[in-house]
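Every number here is computed from the coordinates shown, using simple stated rules; none is lab data. Every value quoted in this text rests on a predicted model; they were computed, and no experiment measured them. We place every Cβ from the backbone using ideal geometry, glycine too, and count neighbours over all the protein chains shown.
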Amino acid sequence: MHPLWVSLALLAPWAQAQPVDTLWTARYVVTMDSQRRLIEQGAIAVKDGAIVAAGPATELRGRYTPKQRLDRPDAILIPGLINAHTHAAMSLLRGVADDLALQEWLEKFIFPAEARNLNAEFVRWGTRLAALEMMLGGVTTFADMYYFEDAVAEETKAAGMRGVLGQTVIQFPVADHKTPESALAATERFMARFANDPLIVPAVAPHAVYTNSDATLRKARQLANRFKMPLLIHLSETRRENDDLKAKRGMTPTHLLDLLGVLEGRTLGAHGVWLDDADIAILKQRGTGLAHCPSSNMKLASGAAPLAKILGAGIAMGLGTDGPAGSNNDFNLFEEMDLAAKLQKVTRNDPRALPAEEALAMATIHGARALGLENRIGSLEAGKRADIAAVSLRGAHAAPLFNVYSQLVYALKASDVTDVMVEGRLIVRSGASLALDAAAIQRKAAEYGNTVRNSLR
């Protein structure tokens, strides 16, 4: 070899193609990194479950030799979407009661339906159905709050998805635990079991201020901090929740949680519709993350969260679907992005409120920050885990394309997702799940539908 070639090889090691597991190429790569790089004719190299590089396809093709190539010339690659608040197994209660106020919906329909039907097997199949819907729509990570959370975790792993999964703690008897003490003890075992899992982040999930005692809330916080895991809780979802606590104790739910020390650690508050300026200041100081659920808040007439103030304060706020039993009815993050932007525009009388790029950030990097996972997921850049979704541009509704962020939020749909990868493993290819038996899940869902229907007669 000529000495000059040897010198060039030493100076430019990338001239020697490096082996990787997968090389994706696409018309666009939307990184959502700190520079918000948008790479036309881009590529992503993946090895050992992590992103090695994201850059121009011409460059990465020369630098890497992949075992697998995924060429998607008519697609956009985006970070896997993050559903920051849901109740996955409630998929089997989809539409059981609609067009009701939250308390009536819970007390007259949801709690009775759960009491008559809920068990670990119900939760397994409900989680499978939810995971199937979410992965086909580009969701790679979801934050859950429900019962029998061990079963949720097992099914989430089997689906190849990532989950921040909270075992519910509530003051009255429920399907899996009859006392909050029993629920907390189970949560401790759950946290120990999944403490070092690559896909599962176990959490404690006291349902809300109005369904738990002060002592239970404190114990939940202490447990989460002992394991260095998150606490998930519903927070200021409705005006009634706020007004009742103010009348009873002279403070907001956020103020009470802060007073009890519950916000001293990793916390995700779901909804945050009725936060006032003092609440927002507390949440900012405590580093609390939030999950915005526009479909649920609209459908239950809960209100519109003050996103401008929340995001303006630098609080991490992701997007969630909430549960599909009537507060939303699906797990569609594309719909949530669209509605989040439009709800802010109409309630603030300002078409510039929550631009499309910021709505996408809420479903990706902001959601990762809210869950404390921003060092692992939420953007497409070297060092992050390889959680990636490909969104097709072949539909009539995808043309023409002037602005990628606008197209993703206002035009493209969950059904346009063609391929999904989590932790470097392809779980959806060409619109079909590689990890789950869709036909079997849908058959079982129909069976459970009949069982639930008969139980409520």
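Details
- Annotation note: trypsin sites (Lys or Arg not before Pro) in the range 101-197 located in DSSP loop regions with a Cβ neighbour count of at most 13 within 10 Å are Lys178.
- Summing charges over neighbours of Leu300, with a neighbour being any other residue whose Cβ is under 13 Å away from its Cβ, gives -3 when K and R count +1 and D and E count -1.
- Taking the inverse of the mean 1/r over every pair of distinct Cα atoms in the range 77-199 gives a Kirkwood hydrodynamic radius of 15.1 Å.
- Counted over the chain, the DSSP beta bridges are approximately 40% antiparallel.
- Each Lys or Arg adds one and each Asp or Glu takes one away; over the other residues whose Cβ falls under 9 Å from the Cβ of His85, this sums to -2.
- Cut-off 13 Å between beta-carbons: net charge of the residues surrounding Trp105, Lys and Arg +1, Asp and Glu -1: -4
- Of the trypsin sites (Lys or Arg not before Pro) in the range 194-267, those whose Cβ has at most 13 other Cβ within 10 Å and which sit in DSSP loop: Lys228
- Rounded, prolate or oblate (a/c below 1.5 giving rounded, otherwise prolate when a/b exceeds b/c) for the range 81-370 by Cα gyration tensor: rounded
- For Ser34 and Lys413, the difference between the fully extended length at 0.36 nm per residue and the C-alpha to C-alpha distance is 133.9 nm.
- Under the convention that each Lys and Arg Cβ holds +1 and each Asp and Glu Cβ holds -1, the size of the dipole of the chain around its Cα centre is about 460 debye.
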